[in-house]
Amino acid sequence: MLAALMLSAALTVRAQEAEPADVLRRDVEFLSDTLCAGRASLTPGASEAAMYIMRRFKLMGYKPEIQSFAFGRNIVAGDLSARKKLLVAAYYDGLGAKEKMYPGADSNASGVAAMLALAEKLSGSGLPIVFAAVDCHADGSGAAALKESISGVERVVNLDIMGGANPPVYKFWKDFLIVLGGDRWKANLENANTSTALHLYWDYFNSRAFTDLFYRHSGVHKPFLDAGLPCIMFSSGITMDTNLPSDTAEKLDYGILARRVDFIFRFVKESYGRFSSR
């Protein structure tokens, strides 16, 4: 807990004054610390995580809002007034603490850290973007509440497990990224990847069933996808630690996570005007 409090105090140092990988590590370590106790919805640990995310947004110059619903609360920041907007989302809740604590470092503190890094990079860009930390991801109620509460969303980017570099399938490369739903913007994605040179995969672990499960039947983008909106899900995929007490902050590769964030930033910034289903 002391470590988490020290990390919170360190927020007074602006993120751009530190190395990107160090900022990502700091965010993941706080969100997966005992103070947040696994971030189960409507627990004190989830409140600590929500307040941390709020503080991070405020330090970037955003005016975040908490959107409460029956079983939890989402945190949103960005250009909520834009008539047409891009939504960048990541779920922040976890399994909490039962007999043991489930830190949820990769699932999905890494996605939240990536979202916060993108919010920092895109602050002041003038792009109509809303960033959302979503609660209650397992039953989909947080994503459903988000869809009902934000009007004008045209496209969605979902960041779902982003820090892994040792998956059960992609053994040859650690610097990879799974891109689901990106086929129609493949040229834009590959162009954005020129400098980061990640190994991009267009399915989930070479499995049609997994691809369908994680893209069409789960994830915070699902209610938007069901409504016919174009959605992209970025992920490094489940690992042998997913949903276990062993999903801890030291297991992640923050250098690779920083490259993934930089790639997504370039894609959003350079291609947003062409990010269209038409």
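Structural remarks
- The range 166-214: projected area of the alpha-carbon convex hull, averaged over directions, in nm²: 3.6
- Excluding same-chain neighbours fewer than eight residues apart, the lysines reachable from LYS174 by a Cα-Cα span under 19 Å are LYS251.
- Coarse-grained scattering of the range 61-159 at q = 0.19 Å⁻¹, given as base-10 log I(q)/I(0) from a Debye sum over alpha-carbon atoms: -0.90
- Where (1) 77, 45, 28; (2) 61, 45, 41; (3) 49, 44, 38 are the candidate values, the label of the one calculated here for Cα extents along the principal axes in Å is (3).
- Overall form of the range 177-241 per C-alpha gyration tensor (a/c, 1.5; a/b vs b/c): oblate
- The distance from the alpha carbon centre of the range 72-87 to that of the range 99-162 is 10 Å, rounded to a whole number.
- Solvent exposure of the chain, expressed per residue, is 43 Å² of accessible area, with all protein chains present and a 1.4 angstrom probe.
- Here the peptides 108-121, 231-244 are ranked by packing, the mean other Cβ count within 10 Å, and the order with the highest first is 108-121, 231-244.
- Global geometry of the range 81-213, whether rounded, prolate or oblate, following the gyration tensor of its Cα atoms and the 1.5 cut on a/c: oblate
- Convex hull volume of the range 4-144 per residue (C-alpha atoms, cubic angstrom): 100
- Estimated vicinal HN-Hα couplings, Hz - the range 241-254 in sequence order (Karplus 6.51, -1.76, 1.60; Gly, Pro = x): 9, 4, 6, 10, x, 7, 7, 10, 4, 6, 7, 8, 9, 6
- The value of relative contact order for the chain, using C-alpha pairs under 8 Å at least six residues apart, is 22 percent.
- For PRO103, net neighbour charge (Lys/Arg +1, Asp/Glu -1) across residues whose Cβ lies under 12 Å away: -3
- The share of accessible area on the chain that comes from carbon and sulfur is 54 percent, using a 1.4 angstrom probe.
- Among the listed pairs LYS147/LYS222; LYS63/LYS85; LYS98/LYS147; LYS121/LYS269; LYS63/LYS121; LYS85/LYS121, those beyond 19 Å (Cα-Cα): LYS98/LYS147
- Net charge over other residues, Cβ less than 11 angstrom from the Cβ of LYS121 (K, R count +1; D, E count -1): 0
- Whole-angstrom Cα spans of the range 147-278 along principal axes, big to small: 39, 32, 27
The values are calculated or read from the model by the stated rules, or taken from the named source; none is laboratory data. Only a predicted model underlies this, so the values are computations on that prediction, with no experimental measurement involved. Every residue, glycine as well, gets a Cβ built from its backbone with ideal geometry; the counts of neighbours run over all protein chains shown. Please note that ligands, DNA and RNA were not included when accessible areas were found on the heavy atoms of the full protein model with its side chains. Shrake-Rupley method; radii C 1.70, N 1.55, O 1.52, S 1.80 Å.
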